[in-house]
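Input: a single structure, listed below in C-alpha cells.
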Amino acid sequence: MHVHLQGKKVLLRDIRHEDIDTLYYWNYEAKDREHLNWNGPYKPLDPMTLDEYRTLPRHAESLALAGTDAPRTQLIIEIDGELRGSVGRYWVSEETNWFEIGIVIYDSRYWSNGYGQEAFAMWMDYLFTHMDTVRLGIGTWSGNERMIKLAARLGMQEEARVRKARIVRGEYYDAIKMGILREEWEQLARKQ
C-alpha cells in the first residue's frame, strides 16, 4: 500500500529513489537554504557528496517502508507537483510508544498561506490513524516562533520549557516541548 494523502494545497506521499537527489539539492546546492536555520540540528550540515547522501541509512529505511502496510517514518511534501518538503517522526521511547514529529519546507516561498499547517495536520492525522500512540510531540527552541505557532494552531500545548538549554548559532534559547494527546486531537477533529 502506497501512501498518497491529497489535501487542498499539498500532497503527502511515500519517498521515491529519485527524491533523494532532490533532497540533497535542497540541503546542499540550492540558493534558498534558509530552512537550515530552523530545522535541526541548528548547525551547518557536515559536508557530504551526493553518493554519500544516497547511502544514508535513513533513506534506505524510508524507501523500504514504501509500499508496505507499516507506518511511515517520513513522507514527502509535494506542492504544485514538486518536492517542497518532508514530514518525519523519530522515537523518543519505544517502550512508551512515544515519538516526536517534525516538518521542513525547503522552499521558503511556501512558508506561508497554510501549506505547512495543512501538511503537518495531515501528518498528525495519519500517525494517529495508523499508530497506537497516545501522544504526538515536538521539540524545538524558543526562537523558532513559526514552529511554536504551527504546533499551537494544531492543538499542541507547551508541556515543558528548560531555560537557556539550547545553543543555536552561538546564542542561548529555551528548549521547548509541545504535544497533543490522541483524545485532544479527536476532540478537535469532531469540532471541525
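The values are calculated or read from the model by the stated rules, or taken from the named source; none is laboratory data. All values derive from a computational prediction rather than experimental measurement. Methodologically, a virtual Cβ is constructed for each residue, glycine included, from the backbone with ideal geometry; neighbour enumeration extends over all protein chains shown. Side chains included, ligands, DNA and RNA excluded: accessible areas come from the protein's heavy atoms. Shrake-Rupley method; radii C 1.70, N 1.55, O 1.52, S 1.80 Å.
Sort the chain into rounded, prolate or oblate with this rule: let a ≥ b ≥ c be the square roots of the eigenvalues of the Cα gyration tensor; rounded if a/c is under 1.5, and if a/c is not under 1.5, prolate when a/b is larger than b/c, oblate otherwise. Each step should come with its number before you reach the end.
Details: a/c = 1.42, a/b = 1.08, b/c = 1.32.
It is rounded, given that a/c, with a ≥ b ≥ c, falls under 1.5.
Leaving ligands, DNA and RNA out of it, report the carbon-plus-sulfur percent of the accessible area of the stretch 1-149 at a 1.4 Å probe.
On the way: 3960 of 7790 Å².
C and S atoms contribute 51 percent here.
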- Note on the structure: Scan of the chain for GluC sites (Glu not before Pro) in DSSP loops with at most 16 other beta-carbon atoms within 10 Å gives a longest site-free stretch of 96-192
- What is the Cα coordinate range of the stretch 54-143 on the first, second and third principal axes, sorted by size from largest, in whole angstrom? 39, 33, 24
- Computed [θ] at 222 nm, deg cm²/dmol, the chain (DSSP H ≥ 4; -39,500 (n - 2.57); rounded to nearest 500): -8500 deg cm²/dmol
- Note on the structure: Cross-link reach from Lys191 to lysines, straight Cα distance under 24 Å and at least 8 residues apart if same chain, gives Lys8, Lys9, Lys149
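When a/c reaches 1.5 or more, the comparison of a/b and b/c decides; with that in mind, is the stretch 1-64 rounded, prolate or oblate per its Cα gyration tensor?
Numbers: a/c = 2.12, a/b = 1.32, b/c = 1.61.
Oblate shape, in that a/c is at least 1.5 and b/c is the bigger or equal ratio.
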- Using a 1.4 Å probe, what is the accessible area per residue for the chain, in Å²? 57
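So if we plug the beta-carbon distance of Glu94 and Glu29 into 1/(1 + (r/R0)^6) with R0 = 25 Å, what FRET efficiency do we get, rounded to 0.05?
Numbers: r = 35 Å, r/R0 = 1.41.
Given R0 = 25 Å and the Cβ-Cβ separation, E is 0.10.
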- Task: Provide the gained length on full extension for the span Thr129 to Met48, in nm with one decimal, where the gain is 0.36 nm per separating residue minus the Cα-Cα distance.
- Result: 25.5 nm
- Looks like the stretch 82-192, by Cα gyration tensor root eigenvalues a ≥ b ≥ c and the a/c under 1.5 rounded cutoff (else prolate when a/b is bigger than b/c, oblate otherwise), is oblate
